[in-house]
Amino acid sequence: MRAPYPAAVPGEDRSAGVVDVHQHHGHVAHSPAGGAAPGGPDVEIAARRRAMASLGVARAVVLPGNSYLRPRGLADTREVNDGIRAYCDRDPDRYVAGAGVVEPLYGAAGLPEIRRIAELGLIGVSYHARFQGVAANDGWILRHLEVMAELGLVPFVHSYAESALEAPLLIADLARAHPELTIMVLDGLSSYHHTLECIALAERHDNVVFDTAMAFNPLALVQLSAAVGAHRLLFGSDIYSHPHTFVTANTPDALRAAGFDADELTGILGGNARRLLPIG
């Protein structure tokens, strides 16, 4: 195993304990660089660490990029999942957990890969339906969740406002079918109307929680908190691999300025993640 990277970068404050539940690593099919990080893994991880330092993020959950190319099918998916495990192992104090991916369109052939994700020590499975050719409530995703409930894995389900395939109404079907699972909704509250849909989802299903990365305004997060409580919010940045490194507008400083009280901020910036996710 490759030795971990150095423990700090200029400007990084790891004492703050901010936990980021929404980062992506790996090839991005629509990248102008052809999916690979220019300069190799050292450049990629250095760019990620600078982005994390700019937010004061100490620890992160790393997900794959769901738009990865898969001409070899399941073999490509296995390679992505192995890559997430290896990436977390490079710096386990910083990348405290990872999630894998399984394509719903693999049907029954994909079910053993969910079990292998658990064997790899990853904590969940990432779904981004608009990149996977299905709707978020696809029957095979529902079947995946049955296996995930058995294994104690967390579903990370993207719900971006511009995609009807990822609508909160569809995610409600997952929450209803599996009340025993905590469903991590990513990219939520990404428009005003989407915020109302996410609040309705949260009010009906208390096993659904949301990351903060793509909320169109920090006040949307305050609105959801007022409806169902700040314990349903977890900080996320949506940082991707270089050159697509993204830093959310909903920074910790922006959340502090939005009017959350000290206890709410403590939860959003790390406490809720440590309570809800198996991140050690």
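The values are calculated or read from the model by the stated rules, or taken from the named source; none is laboratory data. Since we're looking at a predicted model, the values are computed, not measured. Glycine also receives a Cβ, built like all others from the backbone with ideal geometry; neighbour counts cover every protein chain displayed.
Quick look at the numbers
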item: Members of the range 229-244 that are in contact with a strand residue (DSSP E or B) (Cβ under 9 Å, 6 or more places away or on another chain), part of a loop (DSSP other than H, G, I, E, B) and surrounded by 19 or more Cβ atoms within 10 Å (Cβ to Cβ); result: 235, 236, 237, 238, 240, 241
item: Selection count where residues are in contact with a Leu (Cβ under 7 Å, 6 or more places away or on another chain), surrounded by fewer than 17 Cβ atoms within 10 Å (Cβ to Cβ) and under 24 Å from residue 195 (Cα atoms), scope the range 143-167; result: 0
item: Selected residue [farther than 20 Å from residue 186 by Cβ, touching a helix residue (DSSP H, G or I) at 6+ places or on another chain (Cβ under 8 Å) and of a type in the set (Gly, Ala, Ser)] from 121, 152; result: 121
item: Tabulated pairs, the range 183-197, first at positive phi, second part of a strand (DSSP E or B), C-beta under 6 angstrom, 6+ apart or interchain; result: 187/158
item: Set 215, 258: member being in contact with a helix residue (DSSP H, G or I) (Cβ under 7 Å, 6 or more places away or on another chain) and buried (at least 22 other Cβ atoms within 10 Å of the Cβ); result: 215
item: Criterion violated by residue 253 - all others in (1) touching a residue at least 60 places away in the same chain (Cβ under 8 Å); (2) in a helix (DSSP H, G or I) satisfied; result: (1)
item: Any hit, the range 114-133, residues being of a type in the set (Asp, Glu) and either more than 21 Å from residue 237 (Cα to Cα) or in contact (Cβ under 8 Å) with a residue 60 or more places away in the chain (or both); result: yes
item: Listing of helices (runs of 4 or more DSSP H) fully contained in the range 123-208 that carry 2 or more residues being more than 17 Å from residue 21 (Cα to Cα) and more than 18 Å from the chain's Cα centre (by Cα); result: 139-151, 168-177, 192-204
item: Residue in the range 252-270 that is among the aromatic types (Phe, Trp, Tyr) and at pLDDT 95 or above present; result: yes
item: Which listed residue is aliphatic (A, V, I, L, M) and in a helix (DSSP H, G or I), from 226, 215; result: 226
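For (1) of a type in the set (Asp, Glu); (2) within 24 Å of residue 174 (Cβ to Cβ); (3) surrounded by 19 or more Cβ atoms within 10 Å (Cβ to Cβ), each residue gets a yes or a no:
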position	(1), (2), (3)
191	no, yes, no
202	no, yes, yes
221	no, yes, yes
248	no, no, yes
253	yes, no, no
